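In what follows, a structure is listed as structure tokens, so that the remarks can point back to it.
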Amino acid sequence: MTDVRTHQKYEALIARCRALRPVTVAVAHPCDEVSLHAAAAAARAGIIVPILVGPVARITMLAATLGVDLSGYRLVDAPHSHASAARAVELVRAGDAQALMKGSLHTDELLAEVVRADTGLRTGRRLSHVFIMDVPTYHKPLFITDAAVNIRPTLEQKADIAQNAIDLAHALGIARPKMAILSAVETVSSKLPSTLDAAALCKMAERGQITGALLDGPLALDNAISPEAARLKHLGSAVAGDADVLLVPDLEAGNMLAKELTFLANADAAGIVLGARVPVILTSRADSERTRLASCAVAALVAAAARATAAPVAAPAVAADAH
């Protein structure tokens, strides 16, 4: 059977990185085949310069087994996964790395170090995850947020989630992203709290509390991505039927949506965590090499945008349970 995945959208992201200098990435605990290959492949593509943080003897032995040449990489010794996460974050704080990448450790273990009040990488923004989906049946990259970090976000947390995704879209060259705030229906009802949040977020955007995008909601999924569905419902907004970003009601909805697109619609899902001082690259064992490269490319573009703006880091204010 012919693979319907074309990767055209991801190829465009990766191509944009060719004009950039590679971003230095602290890779926390790359102690399995998937994570070590992901770092090495992104390095060969000229997207990142990896610093491999973890048990050096174990990483070296693994590289020899896999035939990965480590001679051009910096290795930083750490005895176990927890120490690897802490040391990787320390490298970012010291200015030695401009992004983090998850190796063979749990996401929570890495993000716990990121959000530590004293030694972490917190800013005034809530941490949130964005999937950058390459969906063969959709005409442009489709962002889904948050499907991995915030379980049941409050209205204020959704505002941060929205702004993180908007800033990401800007870094990827989308000047005025269209954000659809999803629910089950397109009308506001007190029986569906997600519709109230959607309406409030749109008003917050009108008042300048969320900036840089067109917001509309509540919208059901069909109304957000199908021009025909939007037409049949007489939705005259610029967002309906042409969304760049889907802001989901909660993690369960977002996670199911992303996985449905992956496994039923042959989509690929690059992932990144935003809201810290630097982007955090998350990869999955199920990711293709192209998807892992796309995740690294997204981080490189975010880091390049941060260098260009040279914005000062906000004072720490994120809640301790942000991960």
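What follows draws every value from the coordinates through simple rules; no lab data is involved. In this text, all values refer to a predicted model and were calculated from it rather than measured experimentally. Note that we place each Cβ from the backbone using ideal geometry, even for glycine, and neighbour counts take in every protein chain shown.
Structure summary
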read-out: Trypsin sites (Lys or Arg not before Pro) restricted to region 94-199 and DSSP loop, no more than 10 other C-beta within 10 Å; value: Lys191
read-out: Normalised per residue, the volume of the convex hull around the Cα set of region 5-82 (Å³); value: 105
read-out: Label-point separation, Arg58 to Ala19 (7 Å along Cα→Cβ), nm; value: 4.2
read-out: Leu264-Glu252 pseudo-label distance in nm [points 7 Å out on the Cα-to-Cβ vector]; value: 1.7
read-out: Phi to ³J(HN,Hα) by Karplus 6.51 cos²θ - 1.76 cosθ + 1.60 over region 80-95, Hz, x for Gly, Pro; value: 8, 5, 4, 5, 4, 4, 5, 5, 4, 5, 4, 5, 5, 4, 7, x
read-out: Residues whose placed amide H lies under 5 Å from that of Gly217, excluding near-sequence neighbours; value: Ile181
read-out: Cα-based Lys proximity count in the chain, under 16 Å, for pairs eight or more positions apart or on separate chains; value: 5
read-out: Taking N as its residue count, the alpha carbon Rg of the chain over 2.2 N^0.38 Å; value: 0.98
read-out: Extension gain (nm, one decimal) between Ala94 and His80, 0.36 nm per residue minus Cα-Cα; value: 3.0 nm
read-out: Whole-Å semi-axes of the ellipsoid equivalent to region 94-171 (Cα gyration tensor, √5λ, descending); value: 24, 17, 13
read-out: Per-residue HN-Hα couplings for region 126-135 [Karplus 6.51, -1.76, 1.60; θ = phi - 60°; Hz; x = Gly/Pro]; value: 5, 5, 8, 9, 10, 8, 9, 8, 9, 9
read-out: Using a Förster distance of 41 Å, the FRET efficiency for Lys191-Ala117 (Cβ separation, nearest 0.05); value: 0.60
